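Engineer: The structure's right below; bear with me while I get my questions together.
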Amino acid sequence: MAKKKKIQSAPPKKGKLKKKRTFKFRKFLLFCLLVFLMVHYRSQLSAIILDSLPGQFSQDSTQTKNTTARQKTGETKSFVKISPQGATLYAQADDTSSQLGTVNVGEIVTFLDQVGDYYHITTNHQSTGYVSKTQATLFSQTIHATPNSLKQAVIVLNPGHGGDDVGALSNDENYYEKDVTLSTAKVVKKALEAAGATVILTRDFDETESLDSITQKSMEEQADVFISFHFDSTDYANMASGVTTYYYYYTYQNLAETINDQLTDLLPLENRGVEYGDFEVIRETTQPSLLLELGYMNNDSDLQTILTTSYQNKVAKAIVNGLTQYFSQTNN
Ligand SMILES: [Zn+2]
């Protein structure tokens, strides 16, 4: 705005040359202003909150693009994130209408439209209804069509825990979960890269990561698949053994099963199956997400196995195989 005023208060032109220069200068200032506005506007859009938009969700927001390398092929979709207190699902856009149930804390649900002070949504459990805008936030995220091969995929790997958060301990307390998740994720990264994928680790050294920053990374990088690595623990030593694959969104149950079939085939530990798991890193993201518990830290026999390079290589092979299969299925 300041720049615009300057243009208007330019001194009166004397002669053709001066007129031409002033004109050029004004054009230049206008250009600067345009560039500034474009840059400023773009930076505001990565996780835009559209609460203030009146009525039906604006089609213009589909133009919103993220700043990653793949921005040209993405489509921006709108989602509703349920508040940290959860939300009540109503049959109508009215809190006196019948209550259909509650929607889980932090769940990201499908946005249909907005009616007055309510969002019309479909939940993870495929229930459709209305939640109050006071219990949810509308936002947009660029979503890509799932690639049909691992070579075109961006995979975000999260080595669970880190820094002050050591995770589970071995029975002798000499081994921390945060170190085993990191070494495993690094081996998996190498194998996925060798298969042609683009791989991003949410951390590649011993640092504390907030769960929020992990989910943000998976969305910023527009992960085609996000995998969080963990190792389990029980209250008492040597009480349980084996591997579990968790998903939060039912849409990704098939992805979980595809990966888990490979883990079952290739790993020497017992497979405990695929389960729904209410974990923040796989709940509060718009990207296809899984959480793997790859053995028990406080089971002496599991620990001996999971610390070996041979085991971590098998995990890597299972994930490469599973993802290769997943991507080849998707677009066919
Ligand atoms: Zn863990």
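Taken together, the values in this text are just the output of simple stated rules run on the coordinates, not laboratory data. Just so it is clear, the structure is predicted and the values come from calculations on it, not from any experiment. Cβ placement follows ideal geometry from the backbone for every residue including glycine, while neighbour counts extend to all protein chains displayed.
Engineer: Dividing the convex hull volume of the alpha carbon atoms of the stretch 76-136 by its residue count, what do you get in Å³ per residue?
Structural biologist: Numbers: hull volume 4.4 nm³, N = 61.
It is 73 Å³ per residue.
Engineer: Taking +1 at the Cβ of each Lys and Arg and -1 at the Cβ of each Asp and Glu, which of T181, G295, I155 sits farthest along the dipole of the stretch 150-330 towards its positive end, judged by Cα position relative to the Cα centre?
Structural biologist: I155
Engineer: Subtracting the Cα-Cα distance from 0.36 nm times the residue separation, let me have the gained length for N313 to Q152 in nm, one decimal.
Structural biologist: Contour length minus the Cα-Cα distance gives 55.7 nm.
Engineer: Which whole-number percentage describes the relative contact order of the stretch 150-330, with Cα contacts under 8 Å and a sequence gap of 6 or more?
Structural biologist: That works out to 29 percent.
Engineer: Label Y250 and T330 with points 7 Å out from Cα along Cα→Cβ: what is the distance between them in nm?
Structural biologist: According to this spin-label approximation, the distance is 2.2 nm.
Engineer: Same structure, new question: Can you flag which of K77/K190; K81/K314; K77/K151; K77/K314; K178/K317; K151/K186 are past 28 Å Cα-Cα?
Structural biologist: From K77/K190; K81/K314; K77/K151; K77/K314; K178/K317; K151/K186, over 28 Å: K77/K190; K81/K314; K77/K314.
Engineer: Here is a follow-up. Calculate, in nm to one decimal, what Q85 and T110 gain on full extension: separation in residues at 0.36 nm each, minus their alpha carbon distance.
Structural biologist: That pair, Q85 and T110, stretches by 7.2 nm at full extension.
Engineer: With point charges of +1 on the Cβ of Lys and Arg and -1 on the Cβ of Asp and Glu, referenced to the Cα centre of the stretch 72-154, which listed residue (Q141, Q99, T123) lies farthest in the positive direction of the dipole?
Structural biologist: Value: Q141.
Engineer: May I ask for the net charge around T88, where only other residues with Cβ less than 15 Å from the Cβ of T88 are counted and Lys, Arg are +1 while Asp, Glu are -1?
Structural biologist: Here the count lands on -3.
Engineer: Right, here's the next one. Roughly what would the spin-label model give for L100 and L169, points 7 Å off Cα along C-beta, in nm?
Structural biologist: With each label placed 7 Å out from Cα toward Cβ, I get 4.7 nm.
Engineer: Roughly how many Å is it from the Cα centre of the stretch 272-330 to that of the stretch 142-174, as a whole number?
Structural biologist: 9 Å
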